Every structure is written in structure tokens, then in C-alpha cells.
Amino acid sequence: MTSRPSDSIRLLEEYSQAHGTSGHEDAVRAIFLREMRGRHFTTDGLGGVLAAPAATAGPRVVLTAHMDEVGFLIQDITPDGFLRLVPVGGWPDGVLATQRLRVLARANGREFIGIVTALPPHQGGTQAASVDKVFVDIGARSAHGVRALGLREGDPVVPDASFLPLAEPGLYAAKAFDNRAGMAALTLAIQELDAQPPAWQALAVATVQEEVGCRGAVVAARLANPDVVIVLEGPPADDVPGAPGGSPQGALGGGVQVRAYDPTAIMNPRLVDLALATAAEAGIACQLAVRRTGGTDARAFQAHGLGVPVIVLGVPARYIHTHNAVIDLADFHACVALAVALTRKLDAKTVAALTNYL
């Protein structure tokens, strides 16, 4: 891998701190466009971006990641100035009481800090409030005061959480590693490929609205028209106390996660085998995952046209869909390295063999 660790940390921090709940990915898209300078850009009608290389021959190998994060929209403003929210994406109950949120006024671009309300035990409060019962205090005294700030119903809200190095070197915490880890990996992988371009087309696709049902990938697949797809993700780590299942398949420090199956997509077995062989050949740490739950944009890309071979490469992240996810930088670098090495294997003969069933 030719990129420096400082590039990785810079991108992980900038991407993770960007405000980008589903349908409102503008800040994330701006970073991607800046980092993909020199490529040709086209967009779909939902806001997904295709960054194409100069090469126009050979198989269309798509590397893709989704830009959006789980968040909220303002659903209502109470007369006394509190905000009611509607969740955008999957939020577990009990993770929000007294947490800070960033509330974006789309009308003027101003951002405000809000605090999720909670009653103390003295007043019989329960802190595990369900997401649909959450209220947010931004320090306004009335609905008029809220609206005077430029806020209105439909404005987006995301967690307020810093990018932090943790106790041991290489471990970092932030919001939105699902999927800003994937976006940073996509960026570095494409930049490395551009330094020594393959003879075929390595296309970068940043999608929208994955967290609300992979809607953006449906139209992005039409835009990219791929022959093979590598999805880069920030999947849930399963190496923490209380995690269900058997042995961890997404442990921090175990390397890039190579997903073979989840309930929404059966990865092309030949492509999975090629990824594992490529990792072994290059000495890239990896861990094979067969998932009982979850899903990614792979489900939309594999159903494009007459069917497309897909695979998901992931940077395992603890505590996703909360304020504080945790990743290991070594796993991130392994994800970038495997994405690059696998792309360099996908010449026309290899891609054709993935779907040669006769």
C-alpha cells in the first residue's frame, strides 16, 4: 500500500465528521469529489456519483461505498421549542438519552448542538427511551425561537461525536464508521490504482441512501453498468461481550472482513475464492464472514441487468449505529490493500470466468 498512515487518518476523520444522513449526503460528496480530482464525474438523480478513469476498455470493475449514515430528520417543533425527530435508518433503543446531536439548518447552513432529553430518576425517568419518543433541546424557548434560527421540519440531524484515538495505538472512535470507513477505503484504493492504472476500467461509485434500503445503489448500478462489484463497508464487529453467534468473524485486528453471505446477498463464490487467494498471496490479513443478519448495497448491484458478481470487503467496527464506533487502523489498511490487489486481478478473462456457467 503506497498511501501514508497520515492520509488514512486524515480521510477517516474528515469523512466521519461530515454531516450526511440518508438523502442529505452533500458534505460527504464534496470530500469525495475533491479527492477524485482528475476523474470524469457523472451523477444519478438521487445524488450518487460515478468517478470514471481515463481508460474506456476492458471490464467495468466497480469499487463502491455508500456515503450516508444513520441519523434523523426534524419531524415536529413543539410550542416550547423542543424538537421531535423521526429516525432515518436503524437506531437501537436506549442509546440516545442525554446524547448530543448536530442539527443542520438547511436554509442557512448553520449547525446547532441539541441534547436528547431525559428525566432524572428523582422524577421517575427511564433513560432507555425508544427512538420514536425522543425530544431534543437546542436551547430555544419557543417554536418561534427555533424557526428564527432557520430550522424547520425536515432538516437533518446526526450524532455529535469527535474523532478520537483510543488507549492503544491504531484504535479510533468516531460516529459514522458505517460507512465512512468504506468511503475512506474507496478513496485511498482508487488513488492507489490511479498511480498505476490497470488496463481495464476501475470505476469509483459513491452511493446514497443505503441505510434506508439500498435505494441509491439501485440507480447507481444503472449509472455504472458494472461487470463486477467490490462493495467497501463498515460492518458490525462481533468481538465484544454479549455478541451473538460463535467465533468472531469480524474481530478488530483480524484484518479485512470478506463477506460470503448475508440475508440480502449471496456473494459470487468464485469471486470470494479469488479474494481469499489474493489476500493469501499478498499476505493481507482477512477474516471470512457468513452473516445471519444485515445487508449492504451488494443486494442492489447483484440484481442489476442480468446479474452481476459482487463481494463485500469490510472494516469491522464496534458499536455501529451509535455515537461511537471503534475501528482498528490495521483492518482499514488491509481493506484498502485487498481492494487494490483484487481489482488488479480482474482482467477480462477472470471477470468472464466468474459467470461462465455453461
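Bear in mind that the values in this text are calculations on the coordinates, not laboratory data. For clarity, every value in this text was computed on a predicted model and none was experimentally measured. Because the Cβ atoms are built from the backbone with ideal geometry, glycine has one as well, and the counts that use them run over all protein chains shown.
The table for this structure:
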{"item": "Percent of Cα-Cα distances greater than 20 Å, calculated over region 64-212", "result": "59"}
{"item": "Two-site label geometry, A348 and A285: point separation in nm, points 7 Å out along Cα→Cβ", "result": "4.0"}
{"item": "Cut-off 15 Å between beta-carbons: net charge of the residues surrounding R147, Lys and Arg +1, Asp and Glu -1", "result": "+1"}
{"item": "FRET E, pair H144, D76, Förster distance 25 Å, beta-carbon r, rounded to 0.05", "result": "0.95"}
{"item": "Note, ³J(HN,Hα) from phi for region 80-92, Karplus 6.51, -1.76, 1.60, rounded to Hz, x at Gly and Pro", "result": "9, x, 8, 9, 9, 10, 10, x, 10, x, x, 10, x"}
{"item": "Cut-off 10 Å between beta-carbons: net charge of the residues surrounding R102, Lys and Arg +1, Asp and Glu -1", "result": "0"}
{"item": "With eigenvalues of the C-alpha gyration tensor scaled by 5 and rooted, region 71-159, Å", "result": "21, 15, 10"}
{"item": "Summed residue charge, Cβ within 11 Å of P156's Cβ, Lys/Arg positive, Asp/Glu negative", "result": "-4"}
{"item": "Inter-label distance, nm, simple model (7 Å from Cα along the C-beta direction), T42/T98", "result": "5.3"}
{"item": "Part-to-part distance (alpha-carbon centres) for region 155-212 and region 279-358, which is given in Å", "result": "14"}
{"item": "Relative intensity, log₁₀ I(q)/I(0), of the chain from a Debye sum that treats every alpha carbon as a point, q = 0.10, 0.15 Å⁻¹", "result": "-0.60, -1.24"}
